[in-house]
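Q: Pasting a structure below so you can have a look.
What follows draws every value from the coordinates through simple rules; no lab data is involved. Source: prediction; values computed, not measured. Note: ideal-geometry Cβ built from the backbone for every residue, glycine included; neighbour counts use all protein chains shown.
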Ligand code: B12
């Protein structure tokens, strides 16, 4: 059954598929899988190649590439989960590539209900690199993950044990926010400030200033490109303006 599921996911368009038994998924800061799907047994983790869009100096084009892969991956997630339910008699829930997320000041923004990096590592789809991203043995760092969580018990894949990161430090040097200086820990606020200039922080600050402004200044504020960007972000969702740590990573490039 494992190989049928793997073949279906590949047919749907996933570049790679791995299985992790629920017990092999270790993400200390994440909620237990049981709280997401009672009786959860297996994470089917899917990997998708990120396009060269992530190299584009044009932020709209770079983000469009991400939106495309997320839309594609979401559709595959749904189809795979449907198959697990209808053909295998299992219960299945989909794990989104990004939002919706639990969001609060305490979590410094947003925390995924399932850590897809830890899920990918547990499913044998890669290993952590210096940039705290997961490097896939063939796709390198340019890879986006999703998962389907199911109560179907399936054997897990073996974790990748070799170090895929070459330690070249290009990600650290290229990070415009200096968010990767400390090894093994991304400075989340430094990353977000730089990579999401029209994210929640910018919105809170804008609306705070708007509330305190007089009517004449308010008129000028809503004509400012900042407001137009914030408006657009409201319909797009999280919008990244930086892909540097992914784009500069030389690991496994050319093997895709
Ligand atoms: C929210 C989020 C962010 C937020 C984080 C905010 C926050 N408060 O956490 C911000 C905006 C910072 C962010 C940035 C980026 N993100 Co992001 N993000 C997510 C998201 C949606 C949830 C992450 C989360 O909450 N995890 C929960 C915590 C508990 O788990 P974790 O973050 O995976 O684990 C960390 C720690 O546990 C610790 N850790 C624990 N054990 C170990 C062991 C080792 C050896 C190491 C080194 C670290 C480590 O380090 C981990 C990595 O920082 C995930 C998707 C998902 N659902 O997982 C994508 C995701 C992690 N992001 C991704 C990407 C690509 C990015 C960016 C490159 C932005 C972009 N342009 O796409 C940057 C990279 C920053 C970096 N180099 O670290 C990809 C990573 C793919 C990959 N190849 O690994 C993911 C998996 C999305 C996806 N569907 O593929 N992200």
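Q: What distance in nm separates the two pseudo spin-label positions at residue 67 and residue 210, each 7 Å out from Cα along the beta-carbon direction?
A: Taking the simple label geometry, residue 67 and residue 210 are separated by 2.0 nm.
Q: Next question, about the same structure. For 70, 221, what ranking results if the residue with the fewest other Cβ atoms within 10 Å of its Cβ goes first? All intermediate terms of the calculation are to be shown ahead of the outcome.
A: On the way: 70 19, 221 15.
Sorted ascending by nearby Cβ count, the order is 221, 70.
Q: Can you tell me how much longer the chain between residue 10 and residue 104 gets when fully stretched, taken as 0.36 nm per residue apart minus their C-alpha distance, in nm with one decimal?
A: Working: separation 94, 0.36 × 94 = 33.84 nm, distance 3.60 nm.
Here the answer is 30.2 nm.
Q: On a 0 to 90 degree scale, rounded to 10, what angle separates helix 2-12 from the longest Cα axis of the chain?
A: Tilt of helix 2-12: around 40 degrees.
Q: Still on this structure, please answer the following. Calculate how steeply helix 200-212 sits against the longest principal axis of the alpha-carbon atoms of the chain, using the helix alpha-carbon long axis, and give the answer as 0 to 90 degrees to the nearest 10.
A: 30
Q: Express in nm, to one decimal, how much length is gained between residue 51 and residue 86 on full extension, taking 0.36 nm for each residue of separation and deducting their alpha carbon distance. The partial results should precede the final answer.
A: Numbers: separation 35, 0.36 × 35 = 12.60 nm, distance 3.24 nm.
Result for the pair: 9.4 nm of gain on full extension.
Q: Could I get the Rg over Rh figure for segment 197-236? Both from C-alpha atoms, Rh via Kirkwood, rounded to two places. Present the calculation step by step, with values, prior to reporting the outcome.
A: Values: Rg = 9.9 Å, Rh = 10.3 Å.
Rg divided by Rh gives 0.97.
Q: Restricted to Cα positions, what overall size does segment 40-155 have along the principal axes? Three whole-Å values, descending.
A: Principal-axis extents of segment 40-155 (Cα, largest first): 47, 34, 26 Å.
Q: Here is a follow-up. Which order do 55, 102 fall in if you start with the one that has the fewest other Cβ atoms within 10 Å?
A: On the way: 55 16, 102 12.
Ordered from fewest to most neighbouring Cβ atoms within 10 Å, 55, 102 come out as 102, 55.
Q: I need 235, 98 ordered by Cβ neighbour count within 10 Å, fewest first.
A: Working: 235 7, 98 18.
Ranked by crowding around the Cβ, least crowded first: 235, 98.
Q: A further question on this structure: For helix 59-86, report the angle its Cα long axis makes with the longest principal axis of the Cα atoms of the chain; keep it between 0 and 90° and round to the nearest 10°.
A: Value to nearest ten degrees: 40.
Q: Could you please tell me the mean projected area of the C-alpha convex hull for the chain, averaged over all directions and given in square nanometres to one decimal? Intermediate values should be presented prior to the final figure.
A: Working: hull surface 59.2 nm².
One quarter of the hull surface, i.e. the mean projection, equals 14.8 nm².
Q: A further question follows. Note down, for segment 74-135, the three equivalent ellipsoid semi-axes (square root of 5 times each alpha carbon gyration tensor eigenvalue), biggest first, whole angstrom.
A: On the way: eigenvalues 130, 63, 16 Å².
In descending order the semi-axes read 25, 18, 9 Å.
Q: Could you work out the helix-only [θ] at 222 nm for the chain, with each DSSP H run of four or more residues adding -39,500 (n - 2.57) and the total divided by the number of residues, to the nearest 500 deg cm²/dmol? Write down the numbers at each step before the final one.
A: Details: 9 runs with 96 residues, N = 256.
Value at 222 nm, helices only, nearest 500: -11000 deg cm²/dmol.
Q: Next up: Pairs of Cα atoms under 8 Å, at least six residues apart: use those to get the relative contact order of the chain, whole percent. Before the final figure, lay out each step's value.
A: Working: 434 pairs, mean separation 59.7, N = 256.
It comes to 23 percent, rounded to a whole number.
Q: Starting from the Cα gyration tensor of segment 163-256, take the square roots of the eigenvalues, sort them a ≥ b ≥ c, and report rounded, prolate or oblate (rounded when a/c is under 1.5, otherwise prolate if a/b is larger than b/c, else oblate).
A: Prolate, because a/c is 1.5 or more and a/b exceeds b/c.
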